[in-house]
Amino acid sequence: MLYVYDVWVNWFEGEENGYNVCHFHEWRKTDRIDLLDQVPLFYITDELFSNIENGMNDLPEQLLYKIHKRAYRKNGQERKEIDYACIVSNGKEIIAFDTIGYRIPVRKSRLIPRQEQLIFGMLENTKLHMFKFKQPSKEENRNIMSLKPSLVIGLTRKERQLKQLLMMALDQLRTINNPEELRYWLTEWDPKKYPFIRGMDKDKVWNALYNDVKHGWSKRHEELCAKLIKGQTFLENMWEFEQTQKQNTSKL
């Protein structure tokens, strides 16, 4: 079994979308960076890698068996066992995970560039591990707050977080489902549609708003988000937090 030592990780917890498990250049000073003393490494198929990176699905039993208590974190001068933690790669990308005692990859992290290069070198003469796993059923309708990767490609961490905040606000708007309120916000987003909005039912108004807003990110998106969350303390706090964040420029 291959092992990697002195691994810096920045855990993102409960993320089912790989695009929210940030690469090193998007790590922030406020992120909690942990140091793992020893972590098993496995070279796996593209399908299993995608299943781990972009899901919260049960991990293969054989993989769990192999990594059980094989990873350690540094706790001062002591080494503390981790129930199930591992680094996996498909030869193109790398991700670490920690189940925190469960059977799913609850925490996920990218690695620092220096350690990624080390791992790619280690895998050059390594055989692919074939683990049997249950393919999750493909969801026809994604949750509004779980956007397809194609809708966030090219966005920065801040933009992705603000877009998710906007989706949370839109989800609340859809739940209330007040026709006049929906018409108001579609007009706010696209005033040119005003002459046609009065004759649209609430479903058409919602679809027009959502299908426009879900693409890309711009100053208009940011302004709409700020207006939608106004007066909602929890969402406003998230907004303020994102406005103050800076990337971590330190080198590990």
Checklist line | Additional length obtainable on full extension of the chain from Glu180 to Lys192, 0.36 nm per residue less Cα span | finding: 2.6 nm
Next item on the list: Just grab the label-to-label distance for Met56 and His68, each label 7 Å out from Cα along the Cβ direction, in nm (one decimal).
Entry: 2.5
Next item on the list: Find the Rg to Rh ratio for the chain, where Rh is the Kirkwood radius over alpha-carbon pairs and Rg uses the same atoms.
Entry: 1.05
Checklist line | Where labels lie 7 Å past Cα in the beta-carbon direction, separation of Gln117 and Tyr102 in nm | finding: 3.6
Next item on the list: Would you mind classifying the range 1-144 by shape? Square roots of the alpha carbon gyration tensor eigenvalues, ordered a ≥ b ≥ c; an a/c under 1.5 is rounded, otherwise it is prolate if a/b is larger than b/c and oblate if not.
Entry: rounded
Notebook entry, point to check: ³J(HN,Hα) across the range 18-28 via Karplus (A = 6.51, B = -1.76, C = 1.60, θ = phi - 60°), whole Hz, x for Gly/Pro?
Noted result: x, 5, 8, 9, 6, 6, 3, 5, 9, 5, 10
Notebook entry, point to check: Any idea what the relative contact order of the chain is, in percent, if you count C-alpha pairs under 8 Å spaced at least 6 apart?
Noted result: 20
Checklist line | Nearest-ten-degree value, helix 113-123 long axis tilted from longest Cα axis of the chain | finding: 50
Next item on the list: Of the DSSP beta bridges with both residues in the chain, give the percent that are antiparallel, rounding to the nearest 5.
Entry: 85
Check: Residue by residue, what Karplus-based ³J(HN,Hα) values in Hz, rounded to whole numbers, does the range 74-80 have, using 6.51, -1.76 and 1.60 with θ = phi - 60° and x for Gly and Pro?
Finding: 8, 10, x, 9, 9, 9, 10
Check: What's the tally of Lys pairs in the range 74-187 whose alpha-carbon atoms lie under 30 angstrom apart, where the two lysines are 8 or more places apart or on different chains?
Finding: 29
Check: Taking a ≥ b ≥ c as the square roots of the eigenvalues of the Cα gyration tensor of the range 1-84, is the shape rounded (a/c under 1.5), prolate (a/b larger than b/c) or oblate?
Finding: oblate
Notebook entry, point to check: What shape does the range 148-233 have by the C-alpha gyration tensor, where a ≥ b ≥ c are the square roots of the eigenvalues, rounded means a/c under 1.5, and otherwise prolate means a/b greater than b/c and oblate the rest?
Noted result: prolate
Checklist line | Degrees between helix 157-176 axis and first principal axis of the chain (Cα, 0 to 90, nearest 10) | finding: 50
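Here, each number is a calculation from the coordinates, and none is a lab measurement. Since the model is a prediction, treat every value here as computed from it, not as a measurement. All Cβ positions, glycine included, derive from the backbone under ideal geometry; neighbour counts span all protein chains shown.
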